[in-house]
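Undergrad: Sharing a structure below in structure tokens format, with a few things to ask.
Readers should treat all values here as calculations from the given coordinates under stated rules, not as data from a laboratory. All figures in this text were calculated on a predicted structure; none of them were measured in a lab. Glycine also receives a Cβ, built like all others from the backbone with ideal geometry; neighbour counts cover every protein chain displayed.
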Amino acid sequence: MKIPKIRLVPETETEEAKKAVGYEWNDVAGTRHQLGGGVSDGISESEYPDCQGCNEKMTFYTQIDSIGDDYDLADCMVIHNFVCFDCFTVKAILTQT
């Protein structure tokens, strides 16, 4: 199953949150948040995990980018989330994209 791509745009509600978002030295990191999209940035479909419950290939569900300089995930890594729609098992993988 492929979910259509839905861009996620962070919305800050406080001054503290506004200061936390973004990078001084990188214009791309912190902007790669999305739901679905069929394929993730940085992981090919052949590398998608198999469900631990039923051994079927999991569906790419979302990716969450690093937030900013103060909350960076190991040099601008992205969290890729996968779900099995049969078992509702989830798995997250952290990658450098």
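Undergrad: List the chymotrypsin sites (Phe, Trp or Tyr not before Pro) within segment 1-82 that DSSP assigns to loop and that have no more than 11 neighbouring Cβ atoms inside 10 Å.
TA: Filter output for segment 1-82: Trp25.
Undergrad: Could you work out how far apart the two model spin labels at Ala74 and Glu24 are, taking each label as a point 7 Å from the Cα in the direction of the beta carbon, and quote it in nm?
TA: Between Ala74 and Glu24, the label points sit 2.5 nm apart.
Undergrad: Next question. With θ set to phi - 60° and the Karplus curve 6.51 cos²θ - 1.76 cosθ + 1.60, what are the ³J(HN,Hα) couplings of segment 78-88 in order, to the nearest whole Hz, using x for Gly and Pro?
TA: 10, 8, 9, 10, 10, 9, 9, 6, 8, 9, 6
Undergrad: Right, something else. Can you return the lysines within cross-link range of Lys18? Criterion is Cα-Cα under 29 Å, with same-chain partners fewer than 8 residues away left out.
TA: Hits, sequence-local ones excluded: Lys5.
Undergrad: A further question on this structure: I'm spelling it out carefully: the read-out is log10 I(q)/I(0) by the Debye sum over Cα atoms at q = 0.12, 0.13 Å⁻¹, the candidates are (i) -0.42, -0.48; (ii) -0.45, -0.53; (iii) -0.38, -0.44, and one was derived from this structure. Which label?
TA: (i)
Undergrad: Tell me, what ³J(HN,Hα) does each residue in segment 8-20 have, in order and in whole Hz, if you take phi through Karplus 6.51 cos²θ - 1.76 cosθ + 1.60 with θ = phi - 60° and put x for Gly and Pro?
TA: Here the 3J(HN,Hα) series is 10, 10, x, 10, 8, 10, 10, 4, 4, 5, 4, 6, 7 Hz.
Undergrad: Say a site is exposed when it is one of the GluC sites (Glu not before Pro), sits in a DSSP loop, and has at most 12 other Cβ atoms within 10 Å; what is then the longest site-free stretch of the chain?
TA: Here the longest run is 25-97.
Undergrad: Additional query: Order by neighbour count: Met77, Met1, fewest other Cβ atoms within 10 Å first, most last.
TA: So the residues, fewest neighbours to most, are Met1, Met77.
Undergrad: Using modelled backbone amide H atoms (1.01 Å from N, in-plane), which distant-in-sequence or interchain residues come within less than 5 Å of Glu56's amide H?
TA: Placed amide hydrogens put Cys51 under 5 Å from Glu56.
Undergrad: Something else about it: Identify which of Val83, Val28, Val39 has the largest mean-square fluctuation in a Gaussian network model of the chain, with springs joining Cα atoms closer than 10 Å.
TA: Comparing Val83, Val28, Val39 in a Gaussian network model of the chain, the most mobile one is Val28.
Undergrad: Follow-up. Run the simple label-point estimate for Gln52 and Thr97 please: 7 Å along Cα→C-beta, distance reported in nm.
TA: The answer from the label model is 2.4 nm.
Undergrad: Let me ask something additional. What are the residues whose amide H is under 5 Å from the amide H of Thr62, where those residues sit 5 or more places off or on another chain and H is modelled from the backbone?
TA: Residues meeting the criterion, in which the H sits 1.01 Å from N, are Gly36, Asn81.
Undergrad: Continuing with this model, one more query. Just from its helices, what would the mean residue ellipticity at 222 nm be for the chain, if runs of 4 or more DSSP H residues each count -39500 (n - 2.57) and the sum is divided by every residue, rounded to the nearest 500 deg cm²/dmol?
TA: -1500 deg cm²/dmol
Undergrad: Gain in length, Leu35 to Val9, computed as 0.36 nm per residue apart minus the alpha-carbon separation, to one decimal in nm? If you can, show how the numbers build up before the last one.
TA: On the way: separation 26, 0.36 × 26 = 9.36 nm, distance 1.07 nm.
Length difference between fully extended and current span is 8.3 nm.
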